[in-house]
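A short write-up of the structure that comes next.
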Amino acid sequence: MKVALLPGDGIGPEIVAEAVKVLKGLGEKFEFEEAPFGGAGYEASGRPLPDATLALAQQADAVIVGATGVWKNDKLERALRPEQGILALRKELKLYANLRPAVLHDELVKPEKVRGLDILIVRELNGDIYFGQPRGKRKAPDGEFAGEREGFDTMRYSEPEVVRIAHVAFKAARQRRRKVCRVDKANVLQTSQLWRDTMIRVGAEYPDVELSHLYIDNAAAQLVRAPTAFDVIVTGNIFGDILSDEAAMLTGSIGMLGSAALGANNKGLFEPSGGSAPDIAGKGIVNPLAMILSAAMMLRYSLDRPEQAARIENAVKKVLKDGLRTGDIWQAGCERVGTRAMGDAVLKAL
């Protein structure tokens, strides 16, 4: 099984190293190959996604990404910024479904209302306002502020894009509690109405799965008020981006949230949901569990090794039960450990 490693920037190399350490402990035959990406890609070739890195990702069975983004590159033109590398990679690999599970381990429970939390957010990755055309800056052609500078982006979706992500959500729900909540803004947006109509039509093919609908503002409120009421949430690119970060905070830290971006035939890119955190990079204190859990998702969704995925997930649970914590999830009475010690503990728990 060939796995492309794109550590990227900031904390990326540290957490990828811990995930690789755990994967090697499984006893499987992996072939790992590393390439520069994001800010490191720009430094190596003048582009956040070098041609050689893209070629490696296309040849691999799965791709592991650490993190992208460094402050020193914030002044580059937009097309050269590190974050553009991940957008381009998702597009080139045709990865359209983003799965972000939010699981609260009993050992990290604080408020009683979130005990038992287990949500899967299915986010469409290739469309929406992030990619719609036309977009740009201009002088406003009309209205109250005609002649003044304005920026504009276009939210758009085609029906086939919605159909394929709908199937991902319904199939995922069949492996869980058989409930799908569609989040939109159909009372205002035509794209959302297209989503809602299409979800209802596709949902008829899954009579065993309950389909419900919430407007984005209400969904955000309910995710805080009664998070355990949700099973699978499916939504577009921008709403999914926001809700998945909100869900991450319910688990105690974004450092606990893995992520998968899947395309046809389940080829995928696997990365933690957080950023590159350059302020703590190299200090050995970052939580590697999101990266390790992303590696477990790789085994489950791309490499057809669900038993090995469960081994890693159970090892993480054991480590947390034993009271080990990185700083972001530390609680009184627990043992505070660094990045490498946490990775070693998960490896030992295997």
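Values in this text are rule-based calculations from the coordinates and carry no lab data. Owing to the predicted nature of the structure, the values given are computational and were not obtained by experimental measurement. Cβ atoms come from the backbone with ideal geometry, glycine included; neighbour counts cover every protein chain shown.
Our estimate of slack between Asp304 and Asn187, defined as 0.36 nm per intervening residue step minus the Cα-Cα distance, is 38.1 nm.
Suppose we take every Cα in the chain and form the convex hull; what volume per residue is that in Å³? Mind showing how you got there, number by number?
Working: hull volume 51.6 nm³, N = 350.
Spelled out: Cα convex hull of the chain, divided by residues, is 147 Å³.
Taking amide hydrogens as placed 1.01 Å from N in the peptide plane, the amide H of Ile121 sits under 5 Å from those of Arg100, Ala102, Ile233, each at least 5 positions away in sequence or on another chain. Loop-located GluC sites (Glu not before Pro) in the stretch 137-172 (DSSP state not H, G, I, E or B) with no more than 15 neighbouring Cβ atoms inside 10 Å: Glu144, Glu148. Put a dot 7 Å past the Cα of Ala221, heading toward its Cβ, do the same for Ala88, and the two dots end up 4.3 nm apart. Using R0 = 51 Å, the C-beta based FRET efficiency linking Asp51 and Arg115 works out to 0.55. Shown in residue order for the stretch 206-216 are the 3J(HN,Hα) couplings computed by the Karplus curve 6.51 cos²θ - 1.76 cosθ + 1.60 at θ = phi - 60°: 10, x, 7, 10, 7, 10, 10, 9, 9, 6, 4 Hz (x for Gly and Pro). With only the Cα atoms considered, the stretch 118-250 has a convex hull volume of 120 Å³ per residue. Need the C-alpha centroid separation for the stretch 71-86 versus the stretch 230-258, integer Å. Taking the Cα centre of the stretch 230-258 as reference, the centre of the stretch 71-86 is 24 Å away.
Could you tell me which of the pairs Lys91/Lys267; Lys75/Lys283; Lys171/Lys267 are separated by over 19 angstrom between their Cα atoms in the structure shown?
In this structure, Lys75/Lys283 lie more than 19 Å apart at Cα.
With the simple model of a label 7 Å out from the Cα in the direction of the Cβ, Lys21 to Arg201 spans 5.1 nm. Considering only beta bridges that DSSP places wholly inside the chain, some 40 percent are antiparallel. Note on Asp142 and Arg156: their simple-model spin labels are 2.0 nm apart, each label 7 Å out from Cα toward Cβ. Dimensions of the stretch 9-52 along the principal axes, based on C-alpha atoms and rounded to the nearest Å, stand at 38, 21, 10, largest first.
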